[in-house]
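Participant: Have a look at this one.
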Amino acid sequence: VVVVDAAQVEEVLAGAQGLLSTVGPGSLVMLCSTIAPEDAARLAARIEQTGALALDAPISGGPARAEAGTMSVMLAGRRDALKHAEPVLAAISGKRFVVGERHGDAMRAKLVNNLMAGINLMAGAEAIALAERLGLDPRAMFGLIAASSGQRWMLEDRMARALLDDYEPRAAAHVLTKDLTLANEAARAAGVELPLGALARDLLRATCDGGWRLEDDAAALKHYRRRFGN
(Lines give C-alpha, C1' and ligand atoms only; values in the text may rest on other atoms or scores of the structure.)
Protein backbone atom coordinates (compact mmCIF):
# COMPACT_ATOMS: atom_id res chain seq x y z
CA VAL A 1 0.00 0.00 0.00
CA VAL A 2 1.71 3.17 -1.22
CA VAL A 3 -0.46 6.28 -0.82
CA VAL A 4 0.01 9.66 0.86
CA ASP A 5 -1.46 9.52 4.36
CA ALA A 6 -3.24 7.40 6.97
CA ALA A 7 -6.71 8.34 5.73
CA GLN A 8 -5.86 7.00 2.28
CA VAL A 9 -4.34 3.82 3.75
CA GLU A 10 -7.55 3.36 5.74
CA GLU A 11 -9.60 3.75 2.57
CA VAL A 12 -7.48 1.18 0.71
CA LEU A 13 -7.82 -1.29 3.58
CA ALA A 14 -11.34 -0.72 4.86
CA GLY A 15 -13.17 1.27 2.19
CA ALA A 16 -16.07 -0.02 0.10
CA GLN A 17 -13.76 -2.31 -1.86
CA GLY A 18 -11.04 -2.53 0.77
CA LEU A 19 -8.34 -5.15 1.04
CA LEU A 20 -9.51 -6.31 4.46
CA SER A 21 -12.48 -7.99 2.82
CA THR A 22 -10.26 -10.12 0.57
CA VAL A 23 -7.04 -10.90 2.48
CA GLY A 24 -6.56 -13.75 4.93
CA PRO A 25 -4.15 -16.56 5.82
CA GLY A 26 -1.38 -16.71 3.24
CA SER A 27 -1.71 -13.01 2.38
CA LEU A 28 0.81 -10.28 3.21
CA VAL A 29 0.06 -6.55 3.36
CA MET A 30 2.98 -4.11 3.45
CA LEU A 31 2.23 -0.60 4.71
CA CYS A 32 4.73 1.48 2.72
CA SER A 33 3.30 4.99 3.19
CA THR A 34 4.86 7.24 5.82
CA ILE A 35 2.16 7.60 8.47
CA ALA A 36 2.04 8.02 12.25
CA PRO A 37 3.51 5.04 14.13
CA GLU A 38 0.27 4.63 16.06
CA ASP A 39 -1.70 4.44 12.82
CA ALA A 40 0.71 1.85 11.44
CA ALA A 41 0.35 -0.30 14.56
CA ARG A 42 -3.44 0.03 14.55
CA LEU A 43 -3.80 -0.82 10.87
CA ALA A 44 -1.31 -3.71 11.07
CA ALA A 45 -3.37 -5.16 13.93
CA ARG A 46 -6.51 -4.96 11.80
CA ILE A 47 -4.72 -6.76 8.97
CA GLU A 48 -3.55 -9.50 11.32
CA GLN A 49 -7.09 -9.99 12.62
CA THR A 50 -7.93 -11.39 9.17
CA GLY A 51 -5.18 -13.99 9.52
CA ALA A 52 -2.96 -12.17 7.02
CA LEU A 53 0.60 -11.07 7.73
CA ALA A 54 1.44 -7.37 8.06
CA LEU A 55 4.65 -5.42 7.66
CA ASP A 56 5.33 -1.87 8.77
CA ALA A 57 7.49 -0.97 5.73
CA PRO A 58 7.90 2.73 4.87
CA ILE A 59 9.95 3.39 1.74
CA SER A 60 12.41 6.10 0.77
CA GLY A 61 14.13 7.09 -2.44
CA GLY A 62 11.73 8.85 -4.78
CA PRO A 63 10.37 7.95 -8.23
CA ALA A 64 13.72 7.27 -9.94
CA ARG A 65 14.82 4.71 -7.35
CA ALA A 66 11.34 3.21 -7.29
CA GLU A 67 11.51 2.65 -11.04
CA ALA A 68 15.01 1.18 -10.71
CA GLY A 69 13.96 -1.13 -7.86
CA THR A 70 16.53 0.35 -5.50
CA MET A 71 14.35 1.95 -2.81
CA SER A 72 15.40 1.94 0.82
CA VAL A 73 12.88 0.14 3.02
CA MET A 74 12.59 0.30 6.80
CA LEU A 75 10.93 -2.80 8.20
CA ALA A 76 9.19 -3.84 11.39
CA GLY A 77 7.13 -6.99 11.84
CA ARG A 78 7.20 -10.69 12.53
CA ARG A 79 10.02 -12.78 11.12
CA ASP A 80 7.64 -14.95 9.11
CA ALA A 81 6.24 -11.79 7.50
CA LEU A 82 9.75 -10.67 6.56
CA LYS A 83 10.47 -14.06 5.05
CA HIS A 84 7.18 -14.01 3.14
CA ALA A 85 7.99 -10.54 1.79
CA GLU A 86 11.48 -11.44 0.58
CA PRO A 87 10.66 -11.78 -3.16
CA VAL A 88 8.89 -8.41 -3.19
CA LEU A 89 11.61 -6.71 -1.15
CA ALA A 90 14.29 -8.10 -3.46
CA ALA A 91 12.46 -6.62 -6.45
CA ILE A 92 11.85 -3.12 -5.07
CA SER A 93 14.72 -2.34 -2.72
CA GLY A 94 18.44 -1.75 -2.74
CA LYS A 95 18.75 -1.26 1.00
CA ARG A 96 16.71 -2.74 3.84
CA PHE A 97 16.80 -1.80 7.50
CA VAL A 98 15.05 -4.19 9.88
CA VAL A 99 14.44 -2.19 13.05
CA GLY A 100 12.38 -4.66 15.10
CA GLU A 101 9.21 -6.69 15.37
CA ARG A 102 6.92 -4.04 16.88
CA HIS A 103 4.59 -2.50 14.30
CA GLY A 104 5.15 1.24 14.17
CA ASP A 105 8.90 1.10 14.80
CA ALA A 106 9.77 1.29 11.11
CA MET A 107 7.63 4.42 10.87
CA ARG A 108 9.43 5.83 13.91
CA ALA A 109 12.79 5.15 12.25
CA LYS A 110 11.62 6.80 9.00
CA LEU A 111 10.42 9.89 10.85
CA VAL A 112 13.71 10.29 12.70
CA ASN A 113 15.61 10.04 9.40
CA ASN A 114 13.27 12.46 7.62
CA LEU A 115 13.48 14.88 10.53
CA MET A 116 17.22 15.11 9.90
CA ALA A 117 16.64 15.43 6.15
CA GLY A 118 14.16 18.28 6.65
CA ILE A 119 16.44 20.19 8.99
CA ASN A 120 19.38 19.81 6.59
CA LEU A 121 17.21 20.95 3.67
CA MET A 122 16.08 24.12 5.42
CA ALA A 123 19.63 24.89 6.59
CA GLY A 124 20.85 24.56 2.99
CA ALA A 125 18.10 26.81 1.62
CA GLU A 126 18.84 29.40 4.31
CA ALA A 127 22.58 29.38 3.58
CA ILE A 128 22.17 29.71 -0.21
CA ALA A 129 19.62 32.51 0.13
CA LEU A 130 21.90 34.31 2.60
CA ALA A 131 24.80 33.99 0.16
CA GLU A 132 22.65 35.66 -2.51
CA ARG A 133 21.62 38.40 -0.08
CA LEU A 134 25.28 39.07 0.71
CA GLY A 135 26.04 39.49 -2.98
CA LEU A 136 27.84 36.17 -3.43
CA ASP A 137 27.47 33.95 -6.49
CA PRO A 138 25.11 31.20 -5.23
CA ARG A 139 26.50 28.57 -7.62
CA ALA A 140 30.08 29.28 -6.55
CA MET A 141 28.97 29.22 -2.92
CA PHE A 142 27.20 25.92 -3.48
CA GLY A 143 30.40 24.43 -4.91
CA LEU A 144 32.37 25.69 -1.92
CA ILE A 145 29.92 24.28 0.63
CA ALA A 146 29.55 20.97 -1.20
CA ALA A 147 33.32 20.46 -1.04
CA SER A 148 33.78 21.82 2.48
CA SER A 149 32.55 21.39 6.04
CA GLY A 150 29.07 22.69 5.24
CA GLN A 151 28.29 19.76 2.94
CA ARG A 152 25.13 17.70 3.52
CA TRP A 153 23.27 15.38 1.15
CA MET A 154 20.03 17.37 1.13
CA LEU A 155 21.97 20.51 0.30
CA GLU A 156 23.87 18.83 -2.51
CA ASP A 157 20.81 17.14 -3.99
CA ARG A 158 18.13 19.83 -3.56
CA MET A 159 20.07 23.07 -3.95
CA ALA A 160 21.83 21.80 -7.09
CA ARG A 161 18.40 21.50 -8.75
CA ALA A 162 17.06 24.71 -7.23
CA LEU A 163 19.96 26.70 -8.66
CA LEU A 164 18.96 25.42 -12.09
CA ASP A 165 15.32 26.44 -11.43
CA ASP A 166 14.37 22.77 -11.57
CA TYR A 167 11.48 22.23 -9.19
CA GLU A 168 9.95 19.20 -10.89
CA PRO A 169 8.66 17.21 -7.91
CA ARG A 170 10.87 14.24 -7.08
CA ALA A 171 9.72 14.73 -3.48
CA ALA A 172 6.84 17.19 -3.15
CA ALA A 173 7.14 19.85 -0.47
CA HIS A 174 3.89 18.84 1.21
CA VAL A 175 5.13 15.27 1.73
CA LEU A 176 8.23 16.23 3.72
CA THR A 177 6.09 18.76 5.60
CA LYS A 178 3.76 15.92 6.58
CA ASP A 179 6.73 13.78 7.66
CA LEU A 180 8.18 16.52 9.86
CA THR A 181 4.74 17.16 11.37
CA LEU A 182 4.51 13.47 12.26
CA ALA A 183 8.05 13.50 13.69
CA ASN A 184 7.20 16.44 15.95
CA GLU A 185 3.98 14.74 17.07
CA ALA A 186 5.90 11.54 17.87
CA ALA A 187 8.38 13.54 19.96
CA ARG A 188 5.56 15.31 21.79
CA ALA A 189 3.89 11.98 22.54
CA ALA A 190 7.21 10.86 24.03
CA GLY A 191 7.27 13.95 26.28
CA VAL A 192 9.86 16.06 24.45
CA GLU A 193 9.90 19.02 22.07
CA LEU A 194 12.07 19.46 18.96
CA PRO A 195 13.26 23.09 18.70
CA LEU A 196 14.98 22.63 15.33
CA GLY A 197 12.49 20.05 14.15
CA ALA A 198 9.55 22.36 14.87
CA LEU A 199 11.28 25.24 13.09
CA ALA A 200 12.04 23.09 10.03
CA ARG A 201 8.39 21.97 9.98
CA ASP A 202 7.12 25.54 10.17
CA LEU A 203 9.47 26.70 7.42
CA LEU A 204 8.34 23.87 5.18
CA ARG A 205 4.72 24.75 5.94
CA ALA A 206 5.50 28.31 4.91
CA THR A 207 7.02 26.97 1.70
CA CYS A 208 3.79 25.09 0.99
CA ASP A 209 1.66 28.10 1.94
CA GLY A 210 3.76 30.25 -0.40
CA GLY A 211 2.28 28.41 -3.36
CA TRP A 212 4.89 25.68 -3.81
CA ARG A 213 3.11 22.79 -2.10
CA LEU A 214 3.21 20.53 -5.15
CA GLU A 215 6.70 21.51 -6.27
CA ASP A 216 9.84 19.69 -5.18
CA ASP A 217 10.82 20.47 -1.60
CA ALA A 218 13.84 22.26 -3.09
CA ALA A 219 11.32 25.12 -3.36
CA ALA A 220 12.40 25.91 0.19
CA LEU A 221 14.87 28.21 -1.57
CA LYS A 222 11.96 30.09 -3.13
CA HIS A 223 10.52 30.64 0.35
CA TYR A 224 13.82 32.06 1.60
CA ARG A 225 14.31 34.21 -1.49
CA ARG A 226 10.89 35.75 -0.94
CA ARG A 227 11.55 36.12 2.78
CA PHE A 228 14.90 37.86 2.15
CA GLY A 229 13.56 39.96 -0.76
CA ASN A 230 16.12 38.46 -3.15
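The values are calculated or read from the model by the stated rules, or taken from the named source; none is laboratory data. Because the structure is predicted, anything quoted here is derived from the model rather than measured. Neighbour counts run over all protein chains shown; Cβ positions are idealised from the backbone, glycine included. Note: accessible area is taken over every heavy atom of the protein model, side chains too, but ligands, DNA and RNA are not part of it. Shrake-Rupley method; radii C 1.70, N 1.55, O 1.52, S 1.80 Å.
Participant: Pick from the range 190-202 the residues that are open to solvent by less than 70 Å² (accessible area, probe 1.4 Å) and among the hydrophobic types (A, V, I, L, M, F, W, C): which of them is farthest from the chain's Cα centre (by Cα)?
Facilitator: L194
Participant: Being aliphatic (A, V, I, L, M), closer than 30 Å to G229 by Cβ and open to solvent by 90 Å² or more (accessible area, probe 1.4 Å), is that true of even one residue in the range 91-98? Lay out the reasoning, then the answer.
Facilitator: Start the filter on the range 91-98 by keeping residues that are aliphatic (A, V, I, L, M), which leaves 91-92, 98.
Now narrow it down to the ones that are closer than 30 Å to G229 by Cβ: none.
Scanning the range 91-98, I find no residue that is aliphatic (A, V, I, L, M), closer than 30 Å to G229 by Cβ and open to solvent by 90 Å² or more (accessible area, probe 1.4 Å), so the answer is no.
Participant: Looking at M141, is it surrounded by fewer than 21 Cβ atoms within 10 Å (Cβ to Cβ) and more than 15 Å from the chain's Cα centre (by Cα)?
Facilitator: Here the answer is yes, as M141 does meet what is asked.
Participant: For the condition at pLDDT 90 or above, touching a His at 6+ places or on another chain (Cβ under 8 Å) and open to solvent by less than 30 Å² (accessible area, probe 1.4 Å), what is the one hit in A125, A172, A187, A85?
Facilitator: On the way: A172 fails: touching a His at 6+ places or on another chain (Cβ under 8 Å); A187 fails: touching a His at 6+ places or on another chain (Cβ under 8 Å); A85 fails: touching a His at 6+ places or on another chain (Cβ under 8 Å).
None of the others qualify; the one that does is A125.
Participant: Residues that are in contact (Cβ under 8 Å) with a residue 24 or more places away in the chain, touching a Gly at 6+ places or on another chain (Cβ under 8 Å) and of a type outside the set (A, V, I, L, M, F, W, C): does the range 135-152 have at least one?
Facilitator: yes
Participant: Still on this structure: Consider the range 40-63. How many of its residues are within 19 Å of K110 (Cα to Cα), surrounded by fewer than 24 Cβ atoms within 10 Å (Cβ to Cβ), of a type outside the set (S, T, Y) and out of contact with any Asp or Glu (no Cβ under 9 Å at 6 or more places or on another chain)?
Facilitator: Of the residues in the range 40-63, 5 are within 19 Å of K110 (Cα to Cα), surrounded by fewer than 24 Cβ atoms within 10 Å (Cβ to Cβ), of a type outside the set (S, T, Y) and out of contact with any Asp or Glu (no Cβ under 9 Å at 6 or more places or on another chain).
Participant: So which residues in the range 64-73 are open to solvent by 40 Å² or more (accessible area, probe 1.4 Å) and of a type outside the set (A, V, I, L, M, F, W, C)?
Facilitator: R65, E67, T70 - these are the residues of the range 64-73 that are open to solvent by 40 Å² or more (accessible area, probe 1.4 Å) and of a type outside the set (A, V, I, L, M, F, W, C).
Participant: Can you say whether I35 is of a type outside the set (F, W, Y), part of a loop (DSSP other than H, G, I, E, B) and closer than 25 Å to V112 by Cβ, as far as the supplied structure shows?
Facilitator: Spelling it out, I35 is indeed of a type outside the set (F, W, Y), part of a loop (DSSP other than H, G, I, E, B) and closer than 25 Å to V112 by Cβ.
Participant: Somewhere in the range 203-213, is a residue without any contact (Cβ under 8 Å) to a residue 24 or more places away in the chain, open to solvent by 20 Å² or more (accessible area, probe 1.4 Å) and closer than 27 Å to E38 by Cα?
Facilitator: Yes, that holds for at least one residue.
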